[in-house]
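S.K.: Input: one structure, supplied below.
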Protein chains: 2
Amino acid sequence: MKVLLIEDEPSLATDIRKYLKSNDMLCEGVNDISTALEKIAAYEYDCILLDLMLPDGDGFEILETLKREQRQEGIIVISAKETLETRIEGFHLGVDDFLVKPFHLSELLVRIQALVRRKKFNGNNLVNFNEIEIDILTKNVKVKGVKAELTKTEIDLLLFLIGNKSKVLSKSAIAEHLSGDMADMLDNHDFVYAHIKNLKKKLGEAGSEDYIKSVYGIGYKWQHE
Amino acid sequence: MKVLLIEDEPSLATDIRKYLKSNDMLCEGVNDISTALEKIAAYEYDCILLDLMLPDGDGFEILETLKREQRQEGIIVISAKETLETRIEGFHLGVDDFLVKPFHLSELLVRIQALVRRKKFNGNNLVNFNEIEIDILTKNVKVKGVKAELTKTEIDLLLFLIGNKSKVLSKSAIAEHLSGDMADMLDNHDFVYAHIKNLKKKLGEAGSEDYIKSVYGIGYKWQHE
DNA sequence: TTCTATCAGTAAAACTTTCATTCAACAAAC
DNA sequence: GTTTGTTGAATGAAAGTTTTACTGATAGAA
């Protein structure tokens, strides 16, 4: 995950960079608009963190460039103060999220992750894994070109899994997700087993070719690129 | 990991408690300020979850107490609505994170864990011996920075040993401890040998550099400062 | 009817204990 | 100081136990 940080306040910038790095992200920092535009021209990022008040102008310039070039990066604006106007203007220019100073670094992290997760499914709605094709939007699933009739829960489970690709999801996390936070479901692993089983069957898992991998003692993960 | 939940809405409180418990945390719940203050006076927690709107006042009182007494607990505020002002005031009073209802339990969990992880770097719970790091609370063990997967018995044995550092423990004492006072285990030394062996292996003992020293004819001791 | 949750029985994995064997420590005799 | 016998300790592998996961059938809910 690559993040570009455009922020001229050195101490905050350092803090953010350190924090993101310690959470397994690559984070480059620049402190003015012109350098930012160079970077953006040269590289692709997953997410851009933008402070609006910069020494050589205000950050909307960058937003316009990104929009003109139809870039796909997620954009989070960091600002000291935030008015309804800047917010509206920002959203028109493609800003995905606002964060008002002072904020906690953990919140920034959560928002970046949420944003990137959202973005990943935008643009092209089709996700492919070998013989499986999933349309995120219409929630149609095809296995070897043939439509698979998944139930609501099964689709929900499938999207949860592929949305956390290669991350292991605990059974209670899955239970929470599927049951919509019904706490009395959390320690009921049977229904997780059941849905996993049914989903695997409909995805045509023949054993050798596993999409959903069970992790003993913990839960499941989607293992497929 | 011990969590204190201060929340007066019973159903939410129950949900949270169950969820945290199913994720291996100890969670106590109270529903007003006075009980909370009693608990805080009597016990130490890793993390305090605080709803600001409580029947007998607002939660800032608790924050002030915690701050006055320079307590080390991580604090996450759970609130129905959140203004910039409460947020700033909160941070000044030592709040580490805010969570606005409604939220997903999994998000709460992630934040607690992230918070506690951060806090831990301000020294506690961690015991170090050379290349071994033991977290007494979470019972996680790292060898050369890599997590070692110890079984329940192995952790039990390890804690017994380091808890009696440099004291020699007889094999029957170890047997008694591990078997939970099963009398027929006391003169069975084979299983002590076995567990010692497995533990040594997982701790990466290369022979030269011994943590667990065997004392001929008696038992074992942990020799390391 | 379709979908979801539960149950009971089975399978699989991990963990514990035992066993047989080899290796090391101590003590007595030379 | 060396030899030798005896006992204690370490080890790998196997058997036994417990825990966790999977499955098909079924009953209940939508």
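S.K.: Hey, what does the equivalent ellipsoid look like for chain A, semi-axes from the Cα gyration tensor as sqrt of 5 times each eigenvalue, largest first, whole Å?
M.R.: Listed largest to smallest, the semi-axes of chain A are 39, 19, 16 Å.
S.K.: Further question on the same structure: Of all DSSP beta bridges in chain A, what percent run antiparallel (nearest 5)?
M.R.: 50 percent
S.K.: So in the protein assembly as shown, what percent of DSSP beta bridges are antiparallel if you round to the nearest 5?
M.R.: Close to 50 percent.
S.K.: Between residue B:186 and residue A:22, what FRET efficiency comes out of the Förster formula 1/(1 + (r/R0)^6) with R0 = 51 Å and r the beta carbon distance, rounded to 0.05?
M.R.: Taking R0 as 51 Å, the efficiency between residue A:22 and residue B:186 is 0.60.
S.K.: Between copies, how far does the label point of residue B:184 sit from its twins, in nm, shortest first, when each point is 7 Å from Cα along Cα→Cβ?
M.R.: 4.2
S.K.: Report the Stokes-Einstein translational diffusion coefficient (µm² s⁻¹, integer) for the stretch A:64-156, Rh taken as the Kirkwood radius over Cα pairs, at 10 °C with viscosity 1.306 mPa s.
M.R.: 100 µm²/s
S.K.: Here is a follow-up. Express the Stokes-Einstein translational diffusion coefficient of the stretch B:2-121 in µm² s⁻¹, to the nearest whole number, given a Kirkwood radius over alpha-carbon pairs, 10 °C and a viscosity of 1.306 mPa s.
M.R.: This corresponds to a translational diffusion coefficient of 112 µm²/s.
S.K.: Another question, if that's okay. Only helices at least 15 Å long along their own axis, judged from Cα atoms, and with Kyte-Doolittle mean hydropathy of -0.5 or greater: name those in chain A from DSSP H.
M.R.: A:105-120, A:152-163
S.K.: Computed over the Cα atoms of the protein assembly as shown, what is the ratio Rg over Rh, Rh following Kirkwood?
M.R.: Taking Rh as the inverse mean 1/r over Cα pairs, Rg/Rh reads 1.02.
S.K.: For Cα pairs less than 8 Å apart in space and 6+ apart in sequence, what is the mean separation divided by the residue count of the stretch B:2-121, i.e. the relative contact order in percent?
M.R.: Averaging sequence separation for qualifying contacts and normalising by length gives 23 percent for the stretch B:2-121.
S.K.: Which of the residue pairs A:21/B:67; B:18/B:152; A:67/A:101; A:18/B:144; A:39/A:67; A:152/B:18 have a Cα-Cα distance greater than 18 Å in the structure shown?
M.R.: A:21/B:67; B:18/B:152; A:67/A:101; A:18/B:144; A:152/B:18
S.K.: Whole number please: convex hull volume per residue, Cα atoms of the stretch B:158-205, in Å³.
M.R.: Roughly 72 Å³ of hull volume per residue.
S.K.: A further question on this structure: Placing a label point 7 Å from Cα toward Cβ, how far apart in nm is residue A:144 from its equivalents in the other copies, listed shortest first to one decimal?
M.R.: Spelled out, the distances from residue A:144's label point are 4.7 nm.
S.K.: Separate question: Taking each residue in B:106-116, count the Cβ atoms of any other chain within 10 Å of its Cβ, then average. What number comes out?
M.R.: 3
S.K.: What is chain A's relative contact order, in percent, from Cα pairs under 8 angstrom and six or more apart in sequence?
M.R.: It comes to 12 percent, rounded to a whole number.
S.K.: Where both residues lie in the stretch B:2-121, what percent of DSSP beta bridges are antiparallel, nearest 5?
M.R.: Among the beta bridges of the stretch B:2-121, antiparallel pairing accounts for roughly 10 percent.
S.K.: Per 10 Å bin, what percent of the C-alpha pairs of the stretch A:126-222 does each bin hold, from zero upward?
M.R.: Whole-percent P(r) values from 0 Å outward: 16, 52, 28, 4.
S.K.: At residue A:102, with labels set 7 Å past Cα in the Cβ direction, how many nm apart are the copies from this one, shortest first?
M.R.: 3.3
S.K.: Taking K and R as +1 and D and E as -1, what net charge do the other residues with C-beta under 14 Å from the C-beta of residue A:87 add up to?
M.R.: Neighbour charge sum, excluding residue A:87 itself: -4.
Read-outs throughout are calculated quantities, based only on the coordinates presented, and are distinct from any laboratory measurement. Keep in mind it's a predicted model, so treat the numbers as computed, not measured. Methodologically, a virtual Cβ is constructed for each residue, glycine included, from the backbone with ideal geometry; neighbour enumeration extends over all protein chains shown.
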